[in-house]
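Just below is one structure, and these are the notes that go with it.
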Amino acid sequence: MRRTLLVITAVLTALRLFLPGAHADRKLRVVATIPDLKSLTEAVGGDLVEVDSLTRGTQNFHEAEVRPSMMLKLRRADALIENGVELDAWADVAVTGANNPNIIRGSAGRIEISRGIQLLEVPSTRVDRSMGDVHPLGNPHFSLDPGLAPIITQNIVDGLSRLSPESRPTFEKNRQAFLQKLDGEMDRWTKLMEPVRGAKVVVFHPDFIYLLTRFGLVQIATLEDRPGILVQIIRQMKAEQVKVLLVEPWNDLKLAERVASEVGGARALVMATAVGAVKGADNYIAAIDYNLTTLAQALK
């Protein structure tokens, strides 16, 4: 009898691996292409997920180099959460190398969070990546706008729930708790930024258009790849009394500081382009808070 029970138990255990809900007894293994999505997935998934990121916040996501370490992370993943809009198009190469059918394009484990996002800066003429660090489908840096977090997190909930339907109520509960906390921060951030609404800024790369638009700031020029018209940008900054130039951690800070010094009274600010990009930006809310506090102080 004891032997019979052991055999039955072993068979049932094996069958669970092939039945719906097989993930229920362990955490979903999730890989995100960028740290913002890692942080938001952790907020939604809570104790039901184990999340890793393919990139660091200090990187230029457009130019991420596909490495064997990426493929190793993806090989055992249940889900890959990607930004889309060509910010992380390199992920397809990593997925091919990982040889994991769970996360190929079109599978249940491939989760793109741009669905439902109203993109800004969509080109009116044809452009492509051969023209440099451009955005041929529209600006993909929408995760920096906390006002879009409800859409992003709903896409994450829907994606994770395809893999673990029985966990949807928990994912939804976690999402609502996160959004409630975010709403409180949004009220504070709105009050913080109200005195500087309408202020003009120059950016090195157009990462921040969603954040700037959300809080009523105006981007008047982009410094990146425009060395031939530095004098023109400096003249424009002087004429329009621009106080800040926003720089990514990987960009040419010395050039930005030189431009700011030529303007006089302007400052070059290294911003949190993602979670982990600067000290203190350890999670999604902290990264947004860093950016808005830095901007508010510099624009006073």
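The values are calculated or read from the model by the stated rules, or taken from the named source; none is laboratory data. On a predicted model such as this, the values are computed, not experimentally measured, just so you know. Cβ placement follows ideal geometry from the backbone for every residue including glycine, while neighbour counts extend to all protein chains displayed. Please note that ligands, DNA and RNA were not included when accessible areas were found on the heavy atoms of the full protein model with its side chains. Shrake-Rupley method; radii C 1.70, N 1.55, O 1.52, S 1.80 Å.
Would you mind telling me which residue in GLN232, GLN59, GLN176 has the biggest mean-square fluctuation in a Gaussian network model of the chain, where springs connect alpha carbons within a distance under 10 angstrom? Residue with maximal mean-square fluctuation among GLN232, GLN59, GLN176: GLN232.
Arrange the residues VAL44, VAL122 by how much accessible surface each exposes, largest first, with a 1.4 angstrom probe.
Values: VAL44 0, VAL122 85 Å².
Accessible-area ranking of VAL44, VAL122, largest first: VAL122, VAL44.
Against the longest alpha carbon principal axis of the chain, how many degrees, from 0 to 90 and to the nearest 10, is the axis of helix 230-239 turned? Approximately 70 degrees, to the nearest ten. Report summary: the helix-based calculation at 222 nm, which adds -39500 (n - 2.57) for every DSSP H run with n ≥ 4 and divides by the residues of the chain, gives -13000 deg cm²/dmol.
Sequentially through the stretch 47-59, phi angles give Karplus couplings (6.51, -1.76, 1.60; θ = phi - 60°) of 6, 8, 10, 10, 10, 10, 10, 7, 9, 9, x, 7, 8 Hz, Gly and Pro residues having no value and appearing as x. Kirkwood's formula applied to the C-alpha pairs of the stretch 57-96 gives a hydrodynamic radius of 10.8 angstrom.
Paramagnetic label reach from TRP250 (point 7 Å along Cα→Cβ; backbone nitrogen cut-off under 19 Å): within the stretch 273-300, residues 273-279, 281-282. Highest GNM mean-square fluctuation among ASP187, ASP92, ASP145, for the chain modelled with Cα contacts below 10 Å: ASP187. Proximity of backbone amide H atoms, modeled 1.01 Å from N, is registered between GLU112 and GLU82 at under 5 Å, excluding neighbours fewer than 5 places apart on the same chain.
Residues considered: LEU192, LEU253, LEU230. Largest GNM mean-square fluctuation over the chain, using C-alpha springs under 10 Å, is found at LEU230. Select one label from [x] 42, 21, 15; [y] 31, 23, 17; [z] 40, 20, 16: the one whose number is semi-axes √(5λ) of the Cα gyration tensor in Å as derived from the coordinates shown. Derived directly from the coordinates: [x].
For VAL196, what charge total do you get from the other residues with a beta carbon under 12 Å from its beta carbon, if Lys and Arg give +1 and Asp and Glu give -1?
Numbers: positive: LYS191, ARG197, LYS200, LYS243, LYS300; negative: GLU194.
Here the charged neighbours net out to +4.
Per residue, how many Å² of accessible area does the chain show with a 1.4 Å probe? Mind showing how you got there, number by number?
Details: 14910 Å² over 300 residues.
So the chain comes to 50 Å² accessible per residue, rounded to a whole number.
Amide H to amide H distances under 5 Å link ALA268 with LEU245, where only residues 5 or more positions off or on other chains count and H is placed in the peptide plane. Scalar couplings 3J(HN,Hα) for the stretch 105-116, obtained by applying the Karplus form with A = 6.51, B = -1.76, C = 1.60 to θ = phi - 60°, are 4, x, 7, 5, x, 9, 10, 9, 9, 7, 4, x Hz; x denotes Gly and Pro. In vacuo Debye scattering of the stretch 26-150, one point per C-alpha: log10 I(q)/I(0) at q = 0.13, 0.15, 0.18, 0.22 Å⁻¹? Here log10 of I(q) over I(0) equals -0.52, -0.70, -0.99, -1.39.
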